Amino acid sequence: MGLWRDIKGTLQPFWITLGYLFTKPVTIQYPEEKLTPPPRYRARIVLTRNPDGSERCVACQLCSAACPVDCISMQAAEDSDGRRYATWFRINFARCIFCGLCAEACPTMAIQTTPDYEICNRDVLKLVQEKEDLLIDGCGKDAEYNYYEHSGVGVVNERGGNDDEYGPVDPKALMP
Amino acid sequence: MNDLLISLILILVKLGMIFGVVLSMAAYLVLAERKILGRMQLRYGPNRVGPGGMIQPLCDVIKLITKEDFVPDRADKWVFLFAPGLTALTALLSFAVVPFSPPLTLFGREIPMVVCDLNIGLLYLFGLSSLAVYGVVLGGWASNSKYSLIGAIRSLAQMLSYELSLGLALVPVVMSAKSFSLTEIVMSQADWPNMLSHPLAFLIFMTSIAAESKRTPFDMPEAENEIVGGFHTEYSGMRFGLFFVGEYINLIVIGAMTTVFFLGGWHGPFLPPVVWFIGKVLFVAFLFIWARGSMPRPRYDQLMHFGWKVLIPLALLNVVITGAVLVAMNG
Ligand code: SF4
Ligand code: SF4
């Protein structure tokens with residue numbers, strides 16, 4: 001019984017590998033054939049815009065704080081109407097580990113990962129991308145979302161004037 | 001005098017041909033092994049350099065030659081430098097006694113298609129395969145590295161114990177051919193390959209020769225995932241290349257040995273004898289590559305158990321039975 005099992009166990013692998021020998025390999029021949037990764041794939045990072053075309057990023061530094069390898073840096077500034085934005089915004093892709101934590105941290109859905117994985121380059125400085133390179137003319141994922149229509153200081157609507165928002169809370173009225 | 005000169009020239013021509021064929025076959029066997037293994041694992045294997053990866057062996061050689069030839073600190077320098085050559089050399093020398101086809105008759109001369117038809121060809125092969133152990137053991141010993149030493153000790157024990165069953169498996173073949181000469185052994189299989197008349201000896205031979213040449217189910221001396229690279233851990237560049245090429249020349253040698261001893265050598269219908277011979281050698285090489293793609297490596301003690309407790313008694317039994325049958329048939 002044991003011997004029979006051993007013989008079977010010795011011969012069966014040969015049969016299986018012979019079958020595989022005549023099966024088409026699963027390899028994707030990269031430069032000629034390209035794989036389209038799923039939409040939520042985490043590769044090149046972009047800054048998206050609101051549906052009305054304005055920049056989403058409010059330079060809150062949350063992405064840069066969340067980044068485990070500290071590859072995001074920016075300079076925050078404020079418009080005359082109190083709307084914050086980044087004067088410059090820089091991602092060092094030579095350092096980025098494509099963990100996607102920045103996209104998770106972002107309250108405005110500005111920073112997003114995309115499936116564009118072909119960013120390798122012989123010149124490492126070309127991997128340091130500035131705001132011009134990062135900003136795209138679209139909304140990316142969550143196309144409808146505009147942060148200032150749900151929250152934030154009065155840029156689109158008055159402070160606390162959005163439909164799903166309470167007015168400012170008086171902390172002195174919150175006594176137990 | 002003139003006769004001697006012609007014989008000498010003929011031998012040199014044959015030597016050159018064999019070296020050329022064997023070395024290029026070894027180079028392309030590496031490629032073939034990588035491609036076949038790749039396909040068995042649902043990949044393509046090397047296919048970038050040249051059409052279908054055909055220039056890959058050349059690139060590998062260039063890479064190996066241009067790499068640094070590194071000798072570890074406190075290694076036994078001369079032994080270290082000398083060992084890889086020994087492995088490749090013993091493998092190459094084995095071809096001297098392998099007959100490729102029946103004697104040709106050219107210009108009224110009979111030319112045997114073997115470099116040197118020794119009447120003890122089989123013993124010569126065994127002698128060389130025992131010497132091949134030295135390349136491995138010396139390389140491992142001289143490296144001054146524990147992995148190399150473990151690999152060397154393993155290969156010593158393994159090759160010595162499997163040589164016994166290898167020799168015993170060939171005794172029935174010698175008994176039925178009544179000669180140690182490889183040509184005679186092939187002649188004796190004109191109508192009936194030994195594989196069919198001595199099936200048990202064939203199986204024992206295939207197993208032991210795989211162990212003897214450190215092919216994968218029995219590659220404990222190298223065992224990448226246990227002892228890094230075994231005896232060649234410390235080798236780099238072309239010295240590693242020599243071990244590597246030696247291994248593939250060895251694959252051709254065992255292909256040739258299996259063909260001569262069990263598959264009927266050059267005998268076969270329709271095609272010219274040389275084609276049959278090379279075809280059979282390549283087929284055996286494919287079998288070993290196939291085994292590499294299919295079999296896991298046993299544990300070291302299991303290997304020793306199998307060699308001493310299963311193969312050697314079986315081989316001895318086989319010798320006794322063959323002897324009895326031969327006596328019964330003659331008497
Ligand atoms: S990208 Fe998002 S998280 Fe980063 S600074 Fe801009 S708004 Fe804040
Ligand atoms: S993906 Fe990760 S590593 Fe890259 S910028 Fe975002 S947080 Fe930093």
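Each value in this text was obtained by applying a stated rule to the coordinates, not by laboratory testing. Not measured: the values here are computed from a predicted model. Cβ sites come from the backbone with ideal geometry, for glycine too, and all protein chains shown count toward neighbours.
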Restricting attention to the alpha-carbon atoms of chain A, what are Rg (one decimal) and Dmax (integer), both in Å? 25.4, 87
Read phi for every residue in the stretch A:46-51 and hand back ³J(HN,Hα) as whole Hz from Karplus 6.51 cos²θ - 1.76 cosθ + 1.60, θ = phi - 60°, with x for Gly and Pro. 10, 9, 9, 10, 5, x
Taking every Cα atom in the protein assembly as shown, find the radius of gyration and the maximum pairwise distance Dmax, and write them in Å. 34.7, 124
For the stretch B:20-109, what is the largest minus smallest coordinate of the Cα atoms on each principal axis, given in angstrom and ordered from greatest to least? 59, 42, 23
Amide H neighbours of B:Gly264 under 5 Å, at least 5 residues apart or on other chains, H built in the peptide plane: list them. B:Asn194, B:Met195
Phi angles of the stretch B:40-51, converted by Karplus (6.51 cos²θ - 1.76 cosθ + 1.60, θ = phi - 60°) into ³J(HN,Hα) in whole Hz with x for Gly and Pro, give 5, 9, 6, 10, 8, x, x, 8, 9, 8, x, x
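Return the average number of partner chain Cβ atoms within 10 angstrom of each residue Cβ along peptide B:280-292. It would help to have the intermediate numbers written out before the result.
Numbers: counts 0, 0, 0, 0, 0, 0, 0, 1, 0, 0, 5, 4, 1.
Mean number of neighbouring Cβ atoms from other chains: 1.
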Where in chain B lies the longest segment free of chymotrypsin sites (Phe, Trp or Tyr not before Pro) that are both loop residues by DSSP (not H, G, I, E, B) and have at most 11 other Cβ atoms within 10 Å? B:108-269
Highest GNM mean-square fluctuation among A:Cys99, A:Cys63, A:Cys139, for chain A with Cα springs under 10 Å, belongs to A:Cys99
Looking at chain B, how many pairs of lysines come closer than 21 Å at the Cα, when each pair is eight or more places apart or spans two chains? 9
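Shape verdict for the stretch A:37-89, please, from the Cα gyration tensor: rounded (a/c under 1.5), prolate (a/b greater than b/c) or oblate.
Values: a/c = 3.01, a/b = 1.35, b/c = 2.23.
The shape class here is oblate.
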Mind listing P(r) for the stretch B:219-295? All alpha-carbon pairs, 10 Å bins, whole percents. 18, 36, 28, 14, 4
Percent breakdown of C-alpha pair distances by 10 Å bin, ordered from the shortest bin, for the stretch B:129-209: 18, 36, 23, 17, 7, 0
Please check: in the Gaussian network model of chain B (C-alpha springs, under 10 Å), which one of B:Ile289, B:Ile18, B:Ile62 has the largest mean-square fluctuation. B:Ile62
Suppose a student asked you for the relative contact order of chain B, using Cα pairs under 8 Å spaced at least 6 residues apart; what percent would you report? 23
For the stretch A:22-62, what is the convex hull volume of its Cα atoms per residue in Å³? 142
Taking the Cα centre as origin and putting +1 on Lys and Arg beta-carbons and -1 on Asp and Glu beta-carbons, what dipole magnitude results for the stretch B:181-302, to the nearest 20 debye? 180
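Can you give the longest run of chain A that contains no GluC sites (Glu not before Pro) sitting in a DSSP loop with at most 15 other Cβ atoms inside 10 Å? Let's see the in-between values first.
On the way: sites that count: A:Glu32, A:Glu33, A:Glu118, A:Glu130, A:Glu144, A:Glu158, A:Glu165.
For GluC sites (Glu not before Pro) (loop position, at most 15 other Cβ atoms within 10 Å), the longest site-free span of chain A is A:34-117.
With an 8 Å Cα cut-off and a minimum separation of 6 or more residues, compute the relative contact order for the stretch A:85-176 in percent. Please list the in-between numbers first.
Numbers: 67 pairs, mean separation 21.0, N = 92.
In percent, rounded to a whole number, it is 23.
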Non-local residues with an amide H under 5 Å from the amide H of B:Ser101, with H modelled 1.01 Å from N and Pro and chain starts lacking one, are B:Met113
In bins 5 Å wide, starting from 0, what share of all Cα pairs of the stretch A:69-112 does each bin hold, as a percent? 5, 18, 25, 26, 14, 7, 4, 1
Relative contact order (%) - criterion: Cα under 8 Å, at least six apart; region: the stretch B:196-319: 30
Backbone HN-Hα couplings from phi across the stretch B:19-24 [Karplus 6.51/-1.76/1.60, Hz, Gly and Pro as x]: 4, x, 5, 5, 5, 6
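With the Cα gyration tensor of the stretch A:2-85 giving a ≥ b ≥ c as the square roots of its eigenvalues, does the rule (a/c under 1.5 for rounded; else a/b larger than b/c for prolate; else oblate) give rounded, prolate or oblate?
prolate
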Work from the charge dipole of chain B (Cβ charges, +1 for Lys and Arg, -1 for Asp and Glu, about the Cα centre) and give the residue of B:Tyr28, B:Ile150, B:Val320 farthest towards its positive end. B:Tyr28
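Please report Rg over Rh for chain B, where both radii come from the alpha carbon positions and Rh follows the Kirkwood definition.
Working: Rg = 20.5 Å, Rh = 20.9 Å.
In chain B, Rg relative to Rh is 0.98.
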Placing +1 at every Lys and Arg Cβ and -1 at every Asp and Glu Cβ, with all other atoms neutral, what dipole size does the protein assembly as shown have around its Cα centre, in debye to the nearest 20? 1700
Compare the Cα positions of A:Ala110, B:Trp308, B:Phe286 along the charge dipole of the protein assembly as shown (+1 at Cβ of Lys, Arg; -1 at Cβ of Asp, Glu; about the Cα centre) and return the one farthest towards the positive end. B:Trp308
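Taking the Cα centre of chain B as origin and charging only Cβ (+1 Lys, Arg; -1 Asp, Glu), how large is the dipole, in debye to the nearest 20?
Values: 22 positive and 20 negative charges, 137 e Å.
The dipole of chain B has a size of about 660 debye.
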Against the 2.2 N^0.38 Å rule of thumb, the C-alpha Rg of the stretch B:121-262 sits at a ratio of 1.13
Per-residue ellipticity at 222 nm attributable to helices in the protein assembly as shown (runs of n ≥ 4 DSSP H, -39500 (n - 2.57) apiece, nearest 500 deg cm²/dmol) works out to -16500 deg cm²/dmol
